[in-house]
Amino acid sequence: MSTEMSMPEFEQVEHPGPVSWPETARREIDVIFTRYPDKKSATLPVLWLAVKEFGWISPQVEAIAADVLERPLNEIHAVVTFYTMFPKRPLGRHHIQICRNIACWMANAPELLEYFKARLGIHPGEVTADGRFSLEEVECLAYCECAPALRIDNRYEGNLTREKIDQIISEAL
Amino acid sequence: MKLVTRNIGKENSHTLAVAQADGAYSRVAAAIARTPDDIVQEVIKSNLRGLGGAGFPAGRKWSFLPKGSPKPRYLVVNGDEGEPGTVKDKYIMIHDPHLLIEGIIITCWAIQCHKAFIYIRGEYDLPIQRVESAIAEAKGAGILGERVMGHDFALDIVVHRGAGAYICGEETALLESLEGKRGWPRLKPPFPAVEGYQRCPTVVNNIETLSYVPFVIEMGAQAFADLGSERNGGLRMYSVSGRVKKPGVYELPMGTPLRQIIYEHAGGIAGDRKLKAVIPGGSSSPILTPDEIDVPMDFDSLAKIGSMLGSAGIIVFDETVSIPEALLVLSRFYAHESCGQCTPCREGTAWMEKIIHRIIAGDGSAGDADNLVRIARNIIGNTICPLGDAAAMPVISYVTKFRGEFEEWIKRGRPISAREAPITHIGEKMPGRSAVAV
């Protein structure tokens, strides 16, 4: 049996219970609406807010997003599944996106990905058992001048070496 | 000489106080004192080209907005930097966001628009944060708002975060995305100038393009045009990556010879190895061989030799890089990023990836090089947006210019000469995609 990711990337995981927008998020959505001439244009910002609030976009989250955006559920599902940055299932506390495109590939990114897999014991698309890390191979991060590069949480790290990867892993608690 | 990169490296260059001490917003008053049409004409004369990749003259794009339409107009700023090898816009957003805002203000005055959106790729956390705080600072200082710097002109700027889709860098896909939909490109015409965001007249310009606008006003069109080459005005930011000693972003005149950029500015080839090939303008541009690198880096000169300046993302291959493997990396990318709307692109990119994959895996068959070129030719010109061409052009140029290398792989599998180079993960199944038969 393959040890590769067992779930296609568009398959969604449900939240364990019902979800609803907290009051603070509702207020934030009202502010988002003031920026656009219509509610539909607020779809991406509302989905980003949903990721912040709920961790990933489950079918339940799609439903409450559709509700607040006043759009049919299928349109929201189409958007959620089109964009790779909207997680469809829980990620690790630290999400590592390692670039595989041309400049990083030339700078040995494939070998560093192997190193990550060995250090964390997971493949791209998986989460470590302790929930600390998830790993994803991504296309160009536009950090080619510092290849090989990755994005972890909200920052970029470049000129990666095994030592630097060790440091990134040990510093991410 | 430096223009848009001149503040990079200065401490706190992203803050309003430092930016203003360096001249930020000093060109707004001069622009607003002139008529909008006058500014459009000035930018046309400056030969400022669209630096996102297409190279369309910026001023002419602005002049296409219909006159007398009752609909609101929009400026949409393309910061969805995603073309592999291209890293420039992020420097402006991180280090000089106020220069960008100044360029937006002047442009909005020229096209008489009161709302601008800056679409920034979702991965760009720091650029988004810097641009958002610069907008907040500018609003607080009365630079943006109901009366821009005290003038009778209102302008609001909104940052819109993308969510991971290369295709959204294409202007009509970007507009769809901004409207809250999947990034599916639209058939043109109508062009965005006539029907863009919300079917209203819209100008879409790249971050770098707009950041040069204040300098056109400051220097005058002629002086700006004279910095570059014929019909390619000013300077531009060249991103250099791959096997060079000093990868980075270099702001140089339009028309700077590629050889000079690689050997003087980027320090030459890493390890003093031999140059094998160069991608001159982002991954979509046809590859150049070492005998072609005296080409001046401007839109027209590269078009003349069958390539393109595109986003000026220069990617350098030394003698140890395997061309078929490099093409697999790029073909996998285009197959992943095809939006799926047009059959030639959706199916063609997937097939090209599969065929290159099997060649790399040692299962190539005699006709595979021809198959690749044939599939690529069937994509070009047959799709709604340029992604199909972008995927096909590298395939044709790599296979044509390095045919021997492909034939060698097809005949004998991985050649000895490629063993020192990093190997792509052959046989590894990608999540969520059909398994490739290798």
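The values are calculated or read from the model by the stated rules, or taken from the named source; none is laboratory data. Remember, it's a predicted structure, so these values are computed and weren't measured experimentally. As a convention, Cβ positions derive from the backbone with ideal geometry for all residues, glycine included, and neighbour counts pool all protein chains shown. These accessible areas exclude ligands, DNA and RNA; they are computed on the full protein's heavy atoms, side chains included. Shrake-Rupley method; radii C 1.70, N 1.55, O 1.52, S 1.80 Å.
Quick rundown of the values:
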item: Count of the stretch B:8-42 residues which are assigned to a helix (DSSP H, G or I) and among the small types (Gly, Ala, Ser); result: 6
item: Entirely in the stretch B:199-317, the strands (runs of 3 or more DSSP E) that have 3 or more residues that are touching a His at 6+ places or on another chain (Cβ under 9 Å); result: B:248-253
item: Residue that is open to solvent by less than 70 Å² (accessible area, probe 1.4 Å), modelled with pLDDT of 95 or more and among the polar types (S, T, N, Q), where the choices are B:Ser397, B:Ser365; result: B:Ser397
item: Any pair with Cβ under 6 angstrom, 6 or more apart, that starts in the stretch B:192-209 at a residue that is at negative phi and ends at one that is modelled with pLDDT under 95; result: B:Pro201/B:Ser69
item: Residue selected from the stretch B:43-56 under the condition open to solvent by less than 40 Å² (accessible area, probe 1.4 Å) and outside any loop (DSSP other than H, G, I, E, B), by the criterion farthest from B:Gln222 (Cα to Cα); result: B:Arg49
item: Residues satisfying the stated conditions in the stretch B:11-37, i.e. on the phi > 0 side of the Ramachandran plot and either modelled with pLDDT of 95 or more or of a type in the set (D, E, K, R) (or both); result: B:Asn12, B:Tyr25
item: In the stretch B:121-138, the residues that are surrounded by 15 or more Cβ atoms within 10 Å (Cβ to Cβ), over 15 Å from B:His95 (Cα atoms) and within 14 Å of another protein chain (Cβ to nearest Cβ); result: B:Arg121, B:Gly122, B:Glu123
item: Flag for A:Ser20 being open to solvent by 20 Å² or more (accessible area, probe 1.4 Å), polar (S, T, N, Q) and modelled with pLDDT of 95 or more; result: yes
item: Residues of the stretch A:132-163 that turn out to be open to solvent by 20 Å² or more (accessible area, probe 1.4 Å), more than 14 Å from chain B (Cβ to nearest Cβ) and in contact with a helix residue (DSSP H, G or I) (Cβ under 9 Å, 6 or more places away or on another chain), as a count; result: 3
item: Scope the stretch A:108-131; condition without any contact (Cβ under 8 Å) to a residue 60 or more places away in the chain, assigned to a loop (DSSP other than H, G, I, E, B) and more than 8 Å from chain B (Cβ to nearest Cβ); matching residues; result: A:Gly121, A:Ile122, A:Thr128, A:Ala129, A:Asp130, A:Gly131
item: In the stretch B:294-311, the residues that are out of contact with any Ser or Thr (no Cβ under 9 Å at 6 or more places or on another chain) and either free of Cβ contacts under 8 Å to residues at least 60 places away in the same chain or open to solvent by less than 10 Å² (accessible area, probe 1.4 Å) (or both); result: B:Asp294, B:Ala303, B:Lys304, B:Ile305
item: Residue among B:Tyr212, B:Tyr238, B:Tyr250 that alone is under 18 Å from the mean Cα position of the chain (by Cα), farther than 30 Å from A:Ser41 by Cβ and touching a residue at least 60 places away in the same chain (Cβ under 8 Å); result: B:Tyr238
item: Helices (runs of 4 or more DSSP H) fully within the stretch B:80-169 counting 2 or more residues that are under 16 Å from the mean Cα position of the chain (by Cα); result: B:89-95
item: Meets criteria (surrounded by 24 or more Cβ atoms within 10 Å (Cβ to Cβ), touching a strand residue (DSSP E or B) at 6+ places or on another chain (Cβ under 9 Å), at pLDDT 95 or above and within 14 Å of chain A (Cβ to nearest Cβ)) for B:Pro247; result: yes
item: Verdict on B:Pro324 being part of a helix (DSSP H, G or I) and under 30 Å from B:Ile261 (Cα atoms); result: yes
item: Condition check for B:Lys88: closer than 29 Å to B:Tyr166 by Cα and either surrounded by 24 or more Cβ atoms within 10 Å (Cβ to Cβ) or in contact with a helix residue (DSSP H, G or I) (Cβ under 7 Å, 6 or more places away or on another chain) (or both); result: yes
item: Per-region count, the stretch B:340-352, residues farther than 22 Å from A:Trp105 by Cα and either open to solvent by less than 30 Å² (accessible area, probe 1.4 Å) or away from chain A (no Cβ under 14 Å) (or both); result: 7
item: Some residue of the stretch B:201-209 being out of contact with any strand residue (DSSP E or B) (no Cβ under 8 Å at 6 or more places or on another chain) and within 14 Å of chain A (Cβ to nearest Cβ); result: no
item: In the stretch A:33-69, the residues that are within 17 Å of the chain's Cα centre (by Cα), within 20 Å of B:Ile120 (Cβ to Cβ) and among the aromatic types (Phe, Trp, Tyr); result: A:Trp48
item: Number of the condition not met by A:Glu28 [criteria: (1) under 30 Å from B:Cys200 (Cβ atoms); (2) at the interface with chain B (Cβ under 9 Å from one of its Cβ atoms)]; result: (2)
item: Selection within the stretch B:176-193 - surrounded by 22 or more Cβ atoms within 10 Å (Cβ to Cβ), closer than 15 Å to A:Pro45 by Cα and of a type outside the set (Gly, Ala, Ser); result: B:Leu178
item: Residues of the stretch B:143-175 satisfying the condition of being free of Cβ contacts under 8 Å to residues at least 24 places away in the same chain and open to solvent by less than 30 Å² (accessible area, probe 1.4 Å); result: B:Gly145
item: B:Ile355 being aliphatic (A, V, I, L, M), open to solvent by 10 Å² or more (accessible area, probe 1.4 Å), at pLDDT 95 or above and touching a helix residue (DSSP H, G or I) at 6+ places or on another chain (Cβ under 6 Å); result: no
item: Failed item in (1) under 13 Å from B:Asn206 (Cα atoms); (2) free of Cβ contacts under 8 Å to residues at least 24 places away in the same chain, with B:Lys67 passing the rest; result: (1)
item: Positions within the stretch A:40-87 being open to solvent by less than 20 Å² (accessible area, probe 1.4 Å), more than 24 Å from B:Tyr197 (Cα to Cα) and either within 11 Å of chain B (Cβ to nearest Cβ) or at pLDDT below 95 (or both), in sequence order; result: A:Ile57, A:Pro87
item: Residues satisfying the stated conditions in the stretch B:341-364, i.e. without any contact (Cβ under 8 Å) to a residue 60 or more places away in the chain, over 21 Å from B:Asn382 (Cα atoms) and out of contact with any Lys or Arg (no Cβ under 8 Å at 6 or more places or on another chain); result: B:Ile356, B:Ile359
item: Hits in the stretch A:132-173 - residues which are in a loop (DSSP other than H, G, I, E, B) and within 21 Å of A:Ile102 (Cβ to Cβ); result: A:Glu139, A:Cys140, A:Leu141, A:Ala142, A:Tyr143, A:Ala147, A:Pro148, A:Ala149, A:Gly158, A:Asn159, A:Leu160, A:Thr161
